Every structure is written in structure tokens, then in C-alpha cells.
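S.K.: Input: one structure, supplied below.
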Amino acid sequence: MSARLMKKVLNEQYRPLEVKEDEEEDNQLNGEESASPESASRPSINPFDLLNEDDSEPDQGIELTSANESLEQYDEKEKSPSQKYTAAVSASNPKSKKKKKKKNKDSSISNKDRGEKELDQILENLSVNANSSTKQHTEDRVANQHKIVKQQSASILQLEPKYLNAENELRRIFGSKVVKSFESSNQASSSRQIRGVRRGHYNLRKTVLAQPADHWPRWDGSLSMEFLETKDGYNYFRYAHSSSYYQAQKTFEAAKAINDINGLASILLYHPYHLDSLLTMADYFKVVGEQQMSAEVIAKSLYALECAWHPMFTPLQGNCQLKFSHDTNKPMFTALFTHMKNLDRRGCHRSALEVCKLLLSLDSDDPMGAIFCIDYFALRAEEYAWLEKFSEDYKSDNSIWLFPNFSYSLAVCRFYLEREAGTDDKKATSTDLMKQALMLHPSVIKKLVAKVPLKDRVWTNILKNAFFRSDQTGVPSQDHLINIYVERNYLIWRLPDLQKLLSDAAQSVVETIENNKSELKDWACVRKEAFSSEKNEYGHLLVSDFSDSVSSIPQENLQNFMGAPRMREVMQNENEIANLHENGHAPRDVANRRDNIFGHDAKDSANSMDAAFAPAIASNIPWVAVLGNHDQEGSLSRENVMKHIVEYASFKPSNFIGVKQEGVGSASVNSGFFSTLVEAEDVKAVFTGHDHVNDFCGKLTGIQLCYGGGFGYHAYGKAGWSRRARVVVVSLDKTVKGSWGDVKSIKTWKRLDDQHLTTIDSQILWSKSFGGRN
């Protein structure tokens, strides 16, 4: 077989349209039809036609001297050689065309027979090679079956970046004008907050997980990501901390150990992208009702996490693993999970679905339980086809339908797909899937009736049946997953069409089990096989984390612990402080919570303590000091350290709340300190410690004198008397300009360290609304 013929065979393989062009050329030779000027001017060009000219047309050069030679020369620049050949034959003598056609036909048949034989031999060789290659390919495929399954899981979890941006979804829902108007108002509010602050000129990096706000500080590079290994087609990574971040982390751990939220605020002033501090602050804003600020702090966390990504880290492709077992990776999961819930509350279910896919793809062990809410987001986003495909491709054992959420959600999914495209004979109907879900998880019915709620009489009749009467299955893992499903998905069942689907299926199940008791045993065996463990395997997942409700605590109950109201001001100003390089530090309050001096080395303890407090007094900054053990190890005795208020000893059980179980450890000489406090008229309450088993609080001459309560386990206590800590809440007024004003009220209670963390002895120590009386 010649090289020309081989090229022609290959060309015909990759250019099947060439057959059509050959047929048109034969028609032109037979005179059946002539090419139109339009088709002649724009023909399909096949360079391989030149390869056969010498074999099939040896006298081609003679015939090119026809009467239309001048026309052919004119068109020579526009036509390919094959087109010139066609035009020349068309203009020649008809008889000559017939003879030439016969001669060409005989020649082409001979070449064709010879070419076919050679081609058959080549194809046979190729077939042998293909068979051996296919055999080897099959062996490789069997050997790598586990890898292929993982790749399929990764492909179904690939992300579409445009859906990660909630603003895009909001524009689709409300329209661009509404979203732009809202963004403009927010930008104006942000500009007022940072007005007067000198900022450097810099551009924030563009990210896909969160859109950085203009007032955010520049990424400080304190976080990075390490590449660990490639295994089974996945790239494994881990976050790493810089030395400055490590120091901030140590400070965070110290502040966390003593529940010092003010300490976290100080960290964020100088390390604005410290993740654990940001996540803690987001929790604080959430419980006090500041949802927008909480969402912004979470977005800032995601911005920092994405800025630290390794160049090889491509999570949008679903082929990267960031194992939760590494402590440095945990903030990523916490931030994504919280961000997903924030998107859901905004009504951006499609964006929440995309974040959920990312969360599920980062760790195949699914530490956050994303698999138990991904179905909800898919249904709310109307991604029914995707949800069915996900249930088929995600796991190789095809057991995902055994989970309560997928048992019911796949039935709902099939219900809506049947509405769109009719019933698919190859798949189970929505009614069959719903009956299957009810047989597998019957206790869902009673929980949904109470949670939705479902008030029709039909549900009363259904719950009368013994099969649906209980809301517990007795299997800890199954019951826990059912609680998560009902808490997450109950809103879906408020739609009348789905209620009818559920009630019809439930009535059908009642009829089935009445006629065939053996089915009950069969499905009981399935449940036992699916949830075989006697322990709750999913106990690490909290039901409240899957709830759409937001728990909140009155702000005044958090002010002492969380450092409010100053905490909010810190968050508003932290971006300004982070960009101040030459103007010094912003004023802050000063709190010395431990020993002020080291008594053994102090020659004059009183003067040393005065010197320790002098800078705070001179700076005119609010300050507080707590006296410790070392303060009394020098020239000051414990009585001298605590001698200031001897009036604690004057209380009797009839005029205080709490208990007095030991003598008051104050000095025997009255220094007049209490009288000074009374004359000042602005001291409303005093709190002290030292006496571990006294916890009373009483009023004397308009001032509340209270014990903090013994809560430490390192010192003495009393058997049978729970350790306790006093909580003090100081509420402040707000001025017309929005700043914090005078004290509004002072409240207190004690928290016991018992099984229930019991709260006792709640008191209003002082209230402005009562005319300054408690």
C-alpha cells in the first residue's frame, strides 16, 4: 500500500464528509448536475485529493489545454488543484468524458481492490494490537477500581465558581437594581464607620469564597498551606502558621482559658486575620443578634483561608483533601459550615449547595456532617437531577439511600422530576420511594407531625397505627440522624403537594403491613444491618447545628463575659487600627488580672504597688486591678492587702442574699476606705474574694458588698457545697450619637459547677429606671 493511499484512508477516517464531496464530483463528471456558482466559490478543500491525481489521471496535463483555459487561469488563484481538475473535465468533449470515465473507472477499481487488500491487512494488525491493548486496559481498570470510584465522587462534587457568589443568586432572585441599591446603602454605612482614618493605597486580592470589603485590612500573610502528598488521585494539604501567628495563637489559648473575650479583641487589633479569634467573635455576634456582623467576620475568615492556598490546591475540582484531623485545618471546616448556614438564612440555597459540596469534598470522612444537609440545599435550589446523580455516584456501595434524609429526599426529588418529564419506567416512582422511606424510618412521621406541624385529621388516623405511633426506633444512630433530618428539612413538608404524597404513602404502608406482616420483619432486618452499632456513631454532630433557628441570649447577660459594649466598638475599629503604623496605638482599658508586684523582692510593697498603678492613673484610661497572693508576700500582710473594707463583717444573715460560712478576713482596723466610697456617690457595688465559702451579697449605705464565690479547685472549699462563680452584668445607656453613656443597671447571679450549671440568687444590684434603687 502506497503512502498516498494510506494518507487517503486516514483522511477518510477523520473527514467523513469527504464521501459526500466525492459523490458530487462523480455527478459533475456524469453531467447530471452542474455546481452552482455559490458552491463552486466556497467548496470544501481536501488537500489529500492531490495524492491520487497521478495514479488515476495520467493525461491530466493534456486536457488542461481546453478552450476554457483562460477562464481556468483566472480562477486558479481561488480554486484548489482538485477544483481545477473538475472544471477542466466539465469543459471537455462529452465523448472524451465518457471514454475517460470508463478508463478512470477501470483504473480506480484496480487501485481500489489492491488498496482494500492492503487495508484489510493493516486493519487486521490494528485489531490484534487493539485486542491486546484492551486486555491490558481491562486489567488496569480492575486493579484501579477504587481509584475510579473516588474520581467519580470527585467529579460529582466539582464546583461552579459563579454559584459561590451569593450576590449573583440575589440578583437572579430580586433583580440587579434592588441588589445594587442595597449594596450602595451598605457601602455608605461602611464609609461612615471608617471616616477620618488614613489608609494606605492597596488592592485586596480577589477570592471566590468571599468578596472582600473595601475597609478590610490587607492580608498579612501570617497563614500558609503545605503540600503533603498525592494519594489515589487526591492531593493532600495542611495549613501552617507563621511565627507571628503562632504567638497570636498562644495568646488566644491563654485568653480562652479564662474566658477573656477582651483578650481576643486585643489579638484582633494587631492580628486582624487570626482565625480562632474571628470565629469566636462570630459566635458572640450571633448570640447577641448581630447576624450581619457575624456573617462578615466569617467572610473575613474565609478570605484569609483562601489567601493562604497553595498553588496546587484546587478545591473547585473536587480532587484535594484537607483532613480535619490536622488542627490547623479545622478553622476551614468551621468557617465553611457557618458560611453555608448564613447563605441558607439569606435564601441563597444554590450558593449554600455549592459550599456544602466543597465542604464534603475536602475530607472524605465528612467530619461536619455535610452529607446530612446537602439533600436539603439541592431540593431548595431545585437541583433534582443533580441530587439523583449524586446519590448514584457518590459512594460505590450505593448505600446512601439508607440515611433518613436521602430516603425521603430522593422520593421528593423523584416527585418533582415526574412533574417535569413524566414517569420513568426504568426508575421507581415517587410513591414507591416514599413507601420505602416510611418502612425504613417510620418514626419520622410523628416527629414531622409535631414539627411542621401537620394538623389534618388524616395524620391523627395515621398515628393511631402502632407502626407510626412511636417517635423512637431504639437505635441510637438512626434516632439521631432522624432528629437531624427533621430539624433540617421540616420546612419542605409545609407544601400541600408533598403532604399529600406523604399521607398517601403512609396510608398505603398501613394497608401493606396489615396484609403482609412479613414485610415488617424484612425492613427491621434492613434497619439492623444499616445501623448495627449499639452506640451513636454520629453523636459528634449536634442537632442544633442543623437548625435554621438562631439561638440568642439577652445582651445584658453577656456584657461582663463577652466584654460588651466595648467588643462591638473594637470590631468596628479593628480595621482602622490594623492600618495605623505611625500614629501609635489606640487607647484601651487596662486590666491587671494577676499579681501586681512580687512581694519577696519588694522592699516597700505599698510604694511598689503605687508605682505599678501610677502609669494607668496618669494616662486617664479606665483601669482595674485584682490583688493576688504575691502582693501580700512582702511588707504587706494579707490583712493589709484586704484591709480596705472591714464592713463586710457587719452583715447578718437577715440582710444579705447568699451564705456566710466563715469569718470575714478583713483587718481589725477600719481604714475609712468604705466611707470614702460612700462620699464619692458614684460607686454602686464592690466585689471581693479571699473567703472561699462565703458568697453573700448585701447592701450597706447604698453600696452593694458582694463576694465572688469560691470557684477554684486549687484551694480549700466545703464538702457538698458546689464551687461557684459570680456573674456581673453592667448595662450602659446609649447616647443620641450612638456612643455608650452612663450605667443603666447592674445585675448579678451565681453559676454553680454542678451537672446542670445551675443559676442561683439572681439580683438587680442597681437600676437607673428605679431611681437608683435596687
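The values are calculated or read from the model by the stated rules, or taken from the named source; none is laboratory data. Remember, it's a predicted structure, so these values are computed and weren't measured experimentally. Every residue, glycine among them, receives a Cβ derived from its backbone with ideal geometry; neighbour counts consider all protein chains shown.
S.K.: For S470, are the conditions met, namely being within 29 Å of the chain's Cα centre (by Cα), among the polar types (S, T, N, Q) and surrounded by fewer than 18 Cβ atoms within 10 Å (Cβ to Cβ)?
M.R.: No: the conditions fail for S470.
S.K.: Could you tell me whether region 680-694 includes any residue that is assigned by TED's automatic domain parsing to the domain that holds V646, touching a residue at least 12 places away in the same chain (Cβ under 8 Å), within 20 Å of K652 (Cα to Cα) and hydroxyl-bearing (S, T, Y)?
M.R.: Looking for residues that are assigned by TED's automatic domain parsing to the domain that holds V646, touching a residue at least 12 places away in the same chain (Cβ under 8 Å), within 20 Å of K652 (Cα to Cα) and hydroxyl-bearing (S, T, Y), one finds at least one in region 680-694, hence yes.
S.K.: Among the residues of region 258-294, how many are within 21 Å of S244 (Cβ to Cβ), under 23 Å from the mean Cα position of the chain (by Cα) and assigned to a helix (DSSP H, G or I)?
M.R.: 8
S.K.: Okay, next question. Of the conditions (1) modelled with pLDDT under 90; (2) touching a helix residue (DSSP H, G or I) at 6+ places or on another chain (Cβ under 6 Å), R488 satisfies every one except a single condition; which number is it?
M.R.: Here R488 meets the rest and fails (1).
S.K.: From (1) at pLDDT 90 or above; (2) under 30 Å from E296 (Cβ atoms), pick out the condition that doesn't hold for S552.
M.R.: Of everything listed in (1) at pLDDT 90 or above; (2) under 30 Å from E296 (Cβ atoms), S552 misses just condition (1).
S.K.: Another question, if that's okay. How many of the residues in region 733-750 are at pLDDT below 85 and touching a Phe, Trp or Tyr at 6+ places or on another chain (Cβ under 8 Å)?
M.R.: Residues that pass the stated criteria total 3.
S.K.: With the structure loaded, tell me whether F324 is part of a loop (DSSP other than H, G, I, E, B), within 14 Å of L362 (Cα to Cα) and free of Cβ contacts under 8 Å to residues at least 60 places away in the same chain or whether it fails that test.
M.R.: Criteria met by F324.
S.K.: Could you grab me the full set of residues in region 217-247 that are part of a helix (DSSP H, G or I) and either among the aromatic types (F, W, Y) or within 21 Å of R205 (Cβ to Cβ) (or both)?
M.R.: Residues satisfying the conditions are S244, Y245, Y246.
S.K.: What is the number of the single condition among (1) free of Cβ contacts under 8 Å to residues at least 40 places away in the same chain; (2) buried (at least 22 other Cβ atoms within 10 Å of the Cβ); (3) over 11 Å from the mean Cα position of the chain (by Cα) that C348 does not meet?
M.R.: Unmet condition: (1).
S.K.: Still on this structure, please answer the following. Check off (1) modelled with pLDDT of 80 or more; (2) in a helix (DSSP H, G or I) for S654 and give me the number that stays unchecked.
M.R.: (1)
S.K.: Just to verify a result, which residue in region 473-499, among those that are aliphatic (A, V, I, L, M) and assigned to a helix (DSSP H, G or I), is surrounded by the fewest Cβ atoms within 10 Å (Cβ to Cβ)?
M.R.: Result: L491.
S.K.: Sticking with this structure for a sec: Is one or more of the residues making up region 291-298 in the same structural domain as Q211 (by TED's automatic domain parsing), of a type in the set (S, T, N, Q) and in contact with an Asp or Glu (Cβ under 8 Å, 6 or more places away or on another chain)?
M.R.: yes
S.K.: Return a yes/no flag: does region 367-383 have any residue that is β-branched (V, I, T) and over 26 Å from Q321 (Cβ atoms).
M.R.: Taking every residue of region 367-383 in turn, none turns out to be β-branched (V, I, T) and over 26 Å from Q321 (Cβ atoms).
S.K.: Are any residues in region 356-390 touching a residue at least 40 places away in the same chain (Cβ under 8 Å), in a loop (DSSP other than H, G, I, E, B) and surrounded by fewer than 17 Cβ atoms within 10 Å (Cβ to Cβ), and if so, which ones?
M.R.: S364, D365
S.K.: From D761, D695, D742, grab the single residue that is more than 17 Å from G658 (Cα to Cα), of a type in the set (D, E) and touching a strand residue (DSSP E or B) at 6+ places or on another chain (Cβ under 9 Å).
M.R.: Exactly one of D761, D695, D742 is more than 17 Å from G658 (Cα to Cα), of a type in the set (D, E) and touching a strand residue (DSSP E or B) at 6+ places or on another chain (Cβ under 9 Å), namely D742.
S.K.: Still on this structure: Among the residues of region 391-410, count how many are crowded, with 23+ Cβ neighbours inside 10 Å and in contact (Cβ under 8 Å) with a residue 60 or more places away in the chain.
M.R.: Residues flagged as crowded, with 23+ Cβ neighbours inside 10 Å and in contact (Cβ under 8 Å) with a residue 60 or more places away in the chain within region 391-410 amount to 5.
S.K.: Kindly indicate whether D232 is free of Cβ contacts under 8 Å to residues at least 24 places away in the same chain and under 21 Å from N329 (Cα atoms).
M.R.: No, not satisfied.
S.K.: Additional query: Could you count how many residues in region 716-767 are surrounded by fewer than 14 Cβ atoms within 10 Å (Cβ to Cβ), charged (D, E, K, R) and over 21 Å from G689 (Cα atoms)?
M.R.: Here the count works out to 4.
S.K.: Please state which one of S549, S533, S470, S443 is among the hydroxyl-bearing types (S, T, Y) and either touching a Phe, Trp or Tyr at 6+ places or on another chain (Cβ under 7 Å) or free of Cβ contacts under 8 Å to residues at least 24 places away in the same chain (or both).
M.R.: Only one candidate passes the filter, namely S549.
S.K.: If we scan region 663-677, do we find a residue that is under 48 Å from the mean Cα position of the chain (by Cα) and either in the same structural domain as V728 (by TED's automatic domain parsing) or crowded, with 16+ Cβ neighbours inside 10 Å (or both)?
M.R.: no
S.K.: When the residues of region 411-436 are filtered to those that are part of a helix (DSSP H, G or I) and among the charged types (D, E, K, R), which remaining residue is surrounded by the most Cβ atoms within 10 Å (Cβ to Cβ)?
M.R.: The selected residue is R414.
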